[in-house]
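To start, the structure itself, in structure tokens.
No lab work stands behind these numbers, since they all come straight from the coordinates. Note that the structure is predicted; figures quoted are calculated from it, not measured. Cβ placement follows ideal geometry from the backbone for every residue including glycine, while neighbour counts extend to all protein chains displayed.
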Amino acid sequence: MNIPFDFHNHSTQSPDGENSAEEMVLRAIELGMKHYTLTDHLEINKFFDEEFLYEEPVRQSSVILPALKEKYKDRISLQYGVELGQPLHDMELTNRMLDSYNYDFIIGSCHMVRGYDDFYFLDYTEIDPQFLLGIYFEELLEMAEWGQFDSLGHLTYPLRYIVGDKKIPVDMEPYRNIIDEIFRTIIKNDMGIEINTSGLRQNIGKTLPDFEYVKRYRDLGGKILTIGSDAHCCADLGKGIAEGIEIAKSAGFTEIACFKARNPHFIKI
Ligand SMILES: [Zn+2]
Ligand SMILES: [Zn+2]
């Protein structure tokens, strides 16, 4: 079966990407995708870090992506996206980045909460995971209220590391209300959430978020849903999309959103 789309993935325009943007586009074509959005990282609070300075790659992408769109327009519908990490950590920079380029699609993600490193690097024997999850969901709610992105990236991101890698069980019950509040705010602001299928190829073994949350979002009135593999190389592109579509269908979705010029276009599933 052809993979119809992938709306979250990275090229070498990201610090951790392995293949060039053009290689990723060619792989998407090879997989038979009709719709494809590349969403390289734009980590606001790491923007000026010396190990990866974002200014130039982000500027380059604004030239590379429109050129690739044009070059392959007869073979694939390509969109220029970005994964905006920690947008609230430097609003001046975030606003400059939002005003400077014509993105088709913005994923809003939180890879690290204020005052802490990426969840990937934290030592959970020193920091209480339940406490961290509490401040994580508070920050997601603040992001949803701010509202200047299109789809909320991997809602359950910290669980990839806490539960998947470190095997520390967590009680999600204390966050039920705030997650509902995040969903209601996203819906009110005409935004969406994503099913990130990277978890299927990692220790956690589930999509981020998994069925339960996708269903809850739908039950609260959520209509805008995107799906992405979060591939960081050609080999992972499109992985888990078919499973993501099945989860979406089971939760009651009949269409998936593809953003063009920041507006959702719906694709039947
Ligand atoms: Zn991410
Ligand atoms: Zn990503």
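Can we say Asp123 is acidic (Asp, Glu) and surrounded by fewer than 16 Cβ atoms within 10 Å (Cβ to Cβ)?
It is true that Asp123 is acidic (Asp, Glu) and surrounded by fewer than 16 Cβ atoms within 10 Å (Cβ to Cβ).
Collect the residues in region 49-86 that are in contact with an Asp or Glu (Cβ under 8 Å, 6 or more places away or on another chain) and in a strand (DSSP E or B), keeping them in residue-number order.
If the condition is that a residue be in contact with an Asp or Glu (Cβ under 8 Å, 6 or more places away or on another chain) and in a strand (DSSP E or B), then Gln79, Tyr80, Gly81, Val82, Glu83, Gly85 are the ones that fit.
Just one of Ile186, Ile193, Ile162 is under 29 Å from Asn19 (Cα atoms), in contact with a strand residue (DSSP E or B) (Cβ under 7 Å, 6 or more places away or on another chain), surrounded by 14 or more Cβ atoms within 10 Å (Cβ to Cβ) and of a type outside the set (D, E, K, R); which is it? Step through it out loud before you land on a result.
Numbers: Ile186 fails: under 29 Å from Asn19 (Cα atoms); Ile162 fails: in contact with a strand residue (DSSP E or B) (Cβ under 7 Å, 6 or more places away or on another chain).
The conditions single out Ile193.
Taking region 128-185 only, how many residues are outside any helix (DSSP H, G or I) and touching a Pro at 6+ places or on another chain (Cβ under 6 Å)?
4
Which is loosely packed, with under 13 Cβ neighbours inside 10 Å, among the acidic types (Asp, Glu) and closer than 25 Å to Ser229 by Cα, of Asp117, Asp128?
When all the criteria are applied, what remains is Asp117.
Among (1) touching a residue at least 60 places away in the same chain (Cβ under 8 Å); (2) touching a Lys or Arg at 6+ places or on another chain (Cβ under 7 Å), which single condition is Ile29 missing?
(1)
May I ask you to list pairs of residues, at least six apart or on different chains, whose Cβ atoms are under 6 Å apart, with the first in region 146-162 being at positive phi and the second being away from ligand 1 (no atom under 12 Å from the Cβ) and in a loop (DSSP other than H, G, I, E, B)?
Once the first residue is at positive phi and sits in region 146-162, its partners that are away from ligand 1 (no atom under 12 Å from the Cβ) and in a loop (DSSP other than H, G, I, E, B) give Gly147/Asn189.
Answer yes or no as to whether Leu98 is touching a helix residue (DSSP H, G or I) at 6+ places or on another chain (Cβ under 6 Å) and either buried (at least 16 other Cβ atoms within 10 Å of the Cβ) or of a type outside the set (S, T, N, Q) (or both).
No.
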